[in-house]
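First comes the structure, then the notes that go with it.
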Amino acid sequence: MINGKINGLKPSDIKALERIYRRRVPADSLISDELARYLTEQSAQIGRQIGLIINRAGEVLHVIVGDNREILIPDLSSYALGRSGLRGLRCIHTHLKQEPLSRDDLTDLELLRLDCMVAIGVGEHGLPGRIEYAHLLPTRDKAQIERVELDDFYQLELNFSTFIQALDAEMERLAGETVDLKDGRERALLICVGHSSRREMENSLAELKELARTANLQVVDQIMQRPRKMHPRYLVGEGKLREIVINALQQRVTLLVFDRDLTPNQVRAISEVTEVKVIDRTQLILDIFARRAQSRDGKVQVELAQLKYLLPRLSGKGTAMSRLMGGIGGRGPGETKLETDRRRTRDRIHRLEKELEALGRGRRQRRQKRVRAGIPIISIVGYTNAGKSTLLNALTQSEVLTEDLLFATLDTATRRLRFPLDREVIITDTVGFIRDLPPSLVGAFRATLEELEDADLLLHLVDLSNPRFEEQIAAVDKILASLDLGQRQLLLVFNKVDQIDKDEVIALCRRFEAIAVSALDRKSFKPLLAEMQRCCWPAEELPLA
């Protein structure tokens, strides 16, 4: 099949081009003299550039018809990159005015990781004239290109088979030194684009890196960009995006992670520039949730959030959309659901919402029993990885899962805590919050967060050792306000104070009217327990155990 602009071609021209598919290039030749002459003659006859995509076996895979200035290379994502990072394909095309390789030619060489990019000039009487070829050089640094120019095509003396084997071996050797090929994790490039202050963007990028670590990604590099104006399609402009993609390919990156929500059109546009998978912050968080959900409640809520996120992105098709929908590891709904049409997705969303409502009725009945029992309810809330589960374990001597990862806890855990005089409270641990929590997640987890509505006291746990703890306090307050919990009785608790200077802890506790604890040291709990008792039974004086 011929690719490109065949409109306006005579049937005889099309048949002539189709004959190229029957020709093979000898293994030791970049292109045979006979095929080069046939190519330039046909190009001169139709007045357009003609290109060929040839594999290392010498087979012509694509014949491309362009205009008088350029050709457009078809999607080559079905041809995988080799261990060396090269695709095993070369592009050979004609230049009607014998001009050198263009910037677009060299960009395609880098973006598509071709073995070689070749331009053959169309000389007098349609004969091959000037020739120039370019290839990537083995290097650990920024991609470099070597260009070779010859005034006469017939001066070309290149044993292509020997050349490409040596280049391939050297690039594979270099890749083995810089990339652990046994590491099965996705290699991610983190991209932060915005107009915020540099400090805010650095903090945002640091949090994205923590999310990537939680998702078991290998972060290869980070890029922070502050364009004067956001590009509506590419965020950073097409030229800058191509530069980012080339840098990513040079470092064997398999995933681009943007630290902001991308519109469906932006994802499609960026995916058209590269075959590297493209996800945004929301999809990364959804992937983490899909990995960590254990209970039926959690799994239903996560799948519902994923499908609601993906629904507007199901309008496209093709490789770009497939890459988008693959996620990091294809968890959650899975690729088969993500490639269904909108109707089936909406039906699935409807069924999940009904199931979630049924699960919610069971939760409400259990909550009503607790309320009728008259036992005070305390809910621990806070930013993700603030130490909520660790504090619950220490207070109640339980064994809720704890890890030094974001969103280690997704499912609500409920335990009892006994005080002197046979008094007890129910303590619940909730999913951690994060700034700009995706709306789809807030909606899906609203049923779980309804637990907070029955709480007599909210313990807002804060990781005081985090340099961004003030921003985290503000983010949690904002989410609580959105859940109409801003007026609920709340106790601010600073955790991990063992990692901070004592005088500084005292000053911060006084400034924020907070209580200091270390969830790893039960001896530090006395002021917290006293305040919890005062809040739950304000009219009584109860001794501490």
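Between segment 193-219 and segment 248-318, how far is it from one alpha carbon centroid to the other, in angstrom? Cα centres, segment 193-219 to segment 248-318: 16 Å. Under 5 Å between amide hydrogens, built in the peptide plane, is the criterion, and for GLY237 it picks out HIS231 among residues at least 5 positions away or on other chains. In the chain, the longest principal axis of the Cα atoms and the axis of helix 342-372 are about 10 degrees apart.
Strictly over 31 Å apart at the Cα level, which of LYS10/LYS277; LYS369/LYS523; LYS299/LYS523; LYS5/LYS240; LYS10/LYS240 would you flag in this model? Over 31 Å Cα-Cα: LYS10/LYS277; LYS369/LYS523; LYS299/LYS523; LYS10/LYS240. For the chain, the longest principal axis of the C-alpha atoms and the axis of helix 296-310 are separated by about 40°. Label-to-label distance, ARG83 versus ASP501, with points set 7 angstrom from Cα along the beta-carbon direction: 5.4 nm. Excluding same-chain neighbours fewer than eight residues apart, the aspartates and glutamates reachable from LYS496 by a Cα-Cα span under 14 Å are ASP404, ASP463, GLU504, ASP521.
When a/c reaches 1.5 or more, the comparison of a/b and b/c decides; with that in mind, is segment 2-178 rounded, prolate or oblate per its Cα gyration tensor? In terms of gyration-tensor shape, prolate.
Within the chain, antiparallel bridges make up roughly 45 percent of the DSSP beta bridges whose residues both belong there. Each helix, a run of at least 4 DSSP H residues, gives -39500 (n - 2.57); summed and divided by the residues of the chain, these come to -12500 deg cm²/dmol at 222 nm.
Peptides 528-538, 492-502 ranked from most to least packed, by the mean per-residue count of other Cβ atoms within 10 Å: 492-502, 528-538. If R0 is 41 Å, the Cβ-Cβ spacing of ASP152 and GLU272 corresponds to a FRET efficiency of close to 0.60. Packing around the peptides 74-84, 376-386, taken as the average count of other Cβ atoms within 10 Å per residue, puts them in this order, highest first: 376-386, 74-84. Against the chain, whose longest principal axis comes from its Cα atoms, helix 526-536 is set at around 70 degrees. Reducing segment 413-440 and segment 448-494 to their Cα centroids gives an inter-centroid distance of 11 Å. For the pair LEU421 and GLN294, label points projected 7 Å from Cα toward Cβ lie 3.6 nm apart.
Calculated FRET efficiency, GLN144 to SER32, Cβ-Cβ distance, R0 = 41 Å: about 0.90 to the nearest 0.05.
Over the chain, the pair-distance histogram of Cα-Cα distances with 20 Å bins from zero comes to 19, 40, 25, 13, 3, 0 percent, rounded to whole numbers.
Let me know the shape class of segment 374-536, please: from the alpha-carbon gyration tensor, a ≥ b ≥ c as square roots of the eigenvalues, rounded when a/c is under 1.5, otherwise prolate if a/b is greater than b/c, or oblate. Here segment 374-536 falls in the rounded category. Please work out whether segment 152-244 counts as rounded, prolate or oblate from its C-alpha gyration tensor, where a ≥ b ≥ c are the square roots of the eigenvalues and a/c under 1.5 means rounded, while otherwise a/b larger than b/c means prolate and anything else oblate? In terms of gyration-tensor shape, oblate.
Full extension of the chain segment joining LYS478 with LEU520 gains 12.3 nm, where the gain is 0.36 nm per residue of separation less the Cα-Cα distance.
No lab work stands behind these numbers, since they all come straight from the coordinates. Everything numeric here is computed off the predicted structure, so don't read it as measured data. So basically every Cβ, Gly included, is an ideal-geometry build from the backbone, and we count neighbours across all protein chains shown.
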